[in-house]
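The values are calculated or read from the model by the stated rules, or taken from the named source; none is laboratory data. Given the structure is predicted, the values throughout are model-derived calculations rather than measurements. Counting neighbours? That spans all protein chains shown, and the Cβs are built from the backbone with ideal geometry, glycine included. Remember, those area values only see protein heavy atoms, side chains included, never the ligands or the DNA or RNA. Shrake-Rupley method; radii C 1.70, N 1.55, O 1.52, S 1.80 Å.
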Amino acid sequence: MRDVSRAAAPWTVPFLNLDEQHAELKPDVLAAVSDLIDSGSFTNGPQVSEFEAEWARYCGAAYAVGVASGLDALRLGLVAAGIEPGDEVIVPAMTFVATLEAVIQAGGVPILVDISEADYGLDATAADAAIGLRTRFLLPVHLYGQMADMTALTTLADECGLGIIEDACQAHGARRAGFTAGRAGSIAAAFSFYPAKNLGAMGDAGALVTDDPELAQVVRALREHGQIEKYEHLLEGYTARLDTIQALVLLLKLPMLDRWNEQRRAAAQFYLDNLQDTDLTLPRVPATSEPVWHLFVVRTPARELLADFLRARGIATGRHYPAPVHLAPAYGHLGRGPGAFPVAEELARESLSLPLFPGITEEELVVVVEAVRDFCAGG
Ligand SMILES: *Cc1c(COP(=O)(O)O)cnc(C)c1O
């Protein structure tokens, strides 16, 4: 995948452009990196635990443990939560593949279920129907920055004695029905700080948040060769630390996250207001939901034509995701072919993500809206 910010140059309206954000931060990042080089604390530097404390506070969790990626947060979270080989984990069919990778790499068996039309999250009724004797966990994903229906999912988990691990990798700061992303009745939640996420590092990074001190301690050991003290290897572990350099970038960016999310909200509202009378299907926002608009995803059966039309006007778009996970070649072995999850499959066929990022200007939004309206009016 190309560097997200470099993709900006040839477009009238880029899909994502963080150049301004990075230009503003650059002097502080350079100064902090310079200090880091002098200190030599490239792993486990003080910024790692500082960021962990700040991130836990932001999420309202007792603990955050920095790791190398969102995948590591999910994978180590499942291991620390006690997943046993063959345990089943219920996962939505529309997500980024990392959700599935985590379950399989932790020794679990992913049980895919369809998503809900209302919020594109794990459908509680479908999840209920998929629960069997070996089911241990629900793994809801807050897709596109909107939380799944955690009211229904926590009720289901309680009734069936299941644990919840949240994939909050697209939902930094999202809220719904009294829940916040990362602290929605889950044992633990995973965040990714991949550069294009709402809070992004300058490379790969992730964190697991939890209120459980033992689980946090186990993840701290797992991320560093299973050691509790240096060379005291209690568990089979990994190299999955959060780099100090990424922690210092995240510390500098975190104070801006709420402002950036507000800018995303304003841009999303502009699209919602100005595209509501077109024949596109716009994202639905349940009454108590406050999404953080990681992506703004519209739907139309003419998706490819719309994408081409916008490209011709210099407007970049995305597809999230072109195929639901069960139709990816890597997951053919799960044995779920076309037709297995109709809501996820239709979303994959029809969805187009419009440009949306903190700092997108009103002029850029107007260009997109006018182009989309022209397309809908017959081009
Ligand atoms: C980004 C993402 C992840 C994990 O991403 P990493 O690249 O491993 O940091 C996991 N799940 C979802 C839904 C994501 O969007």
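Which one is nearest to the ligand (Cβ to nearest atom), of the residues in region 161-177 that are farther than 15 Å from residue 78 by Cβ and touching a helix residue (DSSP H, G or I) at 6+ places or on another chain (Cβ under 8 Å)?
Kept after step one, since they are farther than 15 Å from residue 78 by Cβ, are these residues of region 161-177: 161, 170-177.
Those still in the list that are touching a helix residue (DSSP H, G or I) at 6+ places or on another chain (Cβ under 8 Å) too: 170-174, 176-177.
Values: 170: 5, 171: 9, 172: 11, 173: 15, 174: 12, 176: 16, 177: 20 Å.
Once the filter is applied, the top-ranked residue is 170.
Considering only strands (runs of 3 or more DSSP E) fully contained in region 184-299, which possess at least 2 residues that are surrounded by fewer than 22 Cβ atoms within 10 Å (Cβ to Cβ) and touching a residue at least 24 places away in the same chain (Cβ under 8 Å)? Output list reads 296-299. Sub-7 Å Cβ pairs linking a first residue in region 95-113 that is farther than 19 Å from residue 130 by Cβ to a second residue that is within 11 Å of the ligand (Cβ to nearest atom), at least 6 apart or interchain, are 96/321; 97/325; 98/70; 98/71; 98/74; 101/71; 105/75, ordered by first then second residue.
Among residues of region 21-77 being in contact with a helix residue (DSSP H, G or I) (Cβ under 7 Å, 6 or more places away or on another chain) and among the charged types (D, E, K, R), the one that is surrounded by the most Cβ atoms within 10 Å (Cβ to Cβ) is 75. Taken over region 1-60, the residue count meeting the criterion of being out of contact with any Ser or Thr (no Cβ under 9 Å at 6 or more places or on another chain), modelled with pLDDT of 95 or more, in a loop (DSSP other than H, G, I, E, B) and within 30 Å of residue 183 (Cβ to Cβ) is 0.
Take residue 308 and tell me if it is in a loop (DSSP other than H, G, I, E, B) and among the acidic types (Asp, Glu). So residue 308 fails the test.
Go through region 94-111 residue by residue and tally those that are more than 10 Å from the ligand (Cβ to nearest atom), buried (at least 24 other Cβ atoms within 10 Å of the Cβ) and either of a type outside the set (Gly, Ala, Ser) or over 30 Å from residue 237 (Cα atoms) (or both).
Within region 94-111, the first condition is being more than 10 Å from the ligand (Cβ to nearest atom), and the residues that meet it are 103-111.
Now narrow it down to the ones that are buried (at least 24 other Cβ atoms within 10 Å of the Cβ): 103, 108.
From what's left, either of a type outside the set (Gly, Ala, Ser) or over 30 Å from residue 237 (Cα atoms) (or both): 103.
The number of residues fulfilling the criteria is 1.
From the list 288, 300, 278, the lone residue that is more than 25 Å from residue 195 (Cα to Cα) and touching a Cys at 6+ places or on another chain (Cβ under 6 Å) is 278. The residues of region 114-143 that are β-branched (Val, Ile, Thr) and closer than 23 Å to residue 191 by Cβ, listed by number, are 115, 141. Of all residues in region 129-136, none satisfies being under 18 Å from residue 70 (Cβ atoms), in contact with a helix residue (DSSP H, G or I) (Cβ under 9 Å, 6 or more places away or on another chain) and either within 16 Å of the ligand (Cβ to nearest atom) or not hydrophobic (A, V, I, L, M, F, W, C) (or both).
Would you confirm whether or not region 51-74 contains a residue that is of a type in the set (Val, Ile, Thr), touching a residue at least 40 places away in the same chain (Cβ under 8 Å), under 30 Å from residue 328 (Cα atoms) and out of contact with any Pro (no Cβ under 6 Å at 6 or more places or on another chain)? Among the residues of region 51-74, at least one is of a type in the set (Val, Ile, Thr), touching a residue at least 40 places away in the same chain (Cβ under 8 Å), under 30 Å from residue 328 (Cα atoms) and out of contact with any Pro (no Cβ under 6 Å at 6 or more places or on another chain), which makes the answer yes. Can you find, within region 137-160, the residue that is most open to solvent (accessible area, probe 1.4 Å) among those that are within 16 Å of the ligand (Cβ to nearest atom) and in a loop (DSSP other than H, G, I, E, B)? Only one residue fits best here, namely 146.
Looking across region 116-136, just one residue is buried (at least 24 other Cβ atoms within 10 Å of the Cβ) and assigned to a strand (DSSP E or B), and that is 122.
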